[in-house]
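Can you keep this structure in mind? I'll have questions shortly.
The values are calculated or read from the model by the stated rules, or taken from the named source; none is laboratory data. Note that the structure is a prediction, hence the values are computed from the model and not measured. Cβ sites come from the backbone with ideal geometry, for glycine too, and all protein chains shown count toward neighbours. Ligands, DNA and RNA are stripped out before the accessible areas are found, and what is left, the full protein with its side chains, is counted by its heavy atoms. Shrake-Rupley method; radii C 1.70, N 1.55, O 1.52, S 1.80 Å.
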Amino acid sequence: MITKYERPLNPLVNEVIQWVFCILAVAKIRFANGSHRGKGGADKKKGEVILATLVGKFIDSYCTRCRLTLAHVVLFEVNEVVSGVKCRTCGSEHRHHGPAPVKKKEISEIRRIRGWLAPVQKPVRPEANRLWELKNAALGQDVAVWDYGMTELYEQGDVIAHPHFGRGFVESTTMDKMEVLFREGRKLLAMNRPVTARE
C-alpha cells in the first residue's frame, strides 16, 4: 500500500519547489555579501555611529570684544572641534575661546600662603645701599636700636629694627610719619599712632 507521502509529485509542483529553493539560496548569498543595504550600499551598517555636529547651535564662548563669556552661534568646526563662533551680543565673528580666561592672583610682596613661601626680596638700590652701608659701619656698639612700632614716637637720627626690612635709620619725621633708610631703600612708615583698645 502506497501512502500519500510516498506518491510521486506532479512534475510542475516539483519544478516550482526547485525554483523556490534557488531563490532562497540567491537571497541568502546577497544578504551575506551586504547587497541588502540598497543601491550603492549607502544604508547604515549595524552599530554605525552618526557623529553629531554643533554647527548652528548655541554655545558659551569668551567674546574678545565684549570681554565676557556670552552665548555664541557655532559657525564651523574643524576635525569635529568647534572653531568659529559668532557672538549673539555684538555680532563679532572669532575663534572659539571657551570660557573666560582665569586671571592669576597678584602675588604680594611677602608671599605667605600657609607659611611655606619665603619673602620675596626686592632689588636693592645702589645709592641707598651705599649710604646704608656707611651709616651701619659708623654705628657704634653703644647706640640704642629701637624696635619698630606704629604707636611709638621716633626722632631724626634714631636707629630702628623693623621685623621685615631689618635695621633702618630715621632721616625725617612728621607728626605721625617718618622716612627711614633701609638697606633696600627709603620707606615711609607710620608712627605716633593712638593706641586702640582691643576688644
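How charged is the neighbourhood of Val159? Take every other residue with its Cβ under 12 Å from the Cβ of Val159, and add Lys/Arg as +1 and Asp/Glu as -1.
Computed value for this residue: -3.
Still on this structure, I have one more. With θ set to phi - 60°, apply the Karplus curve 6.51 cos²θ - 1.76 cosθ + 1.60 along region 65-74 and write out the HN-Hα couplings as whole Hz, x wherever there is a Gly or Pro.
Coupling constants for region 65-74: 8, 7, 6, 9, 8, 10, 6, 10, 9, 6 Hz.
Probe radius 1.4 Å, ligands and nucleic acids ignored: give me the carbon and sulfur share of the accessible area of region 132-199 as a rounded percent.
50
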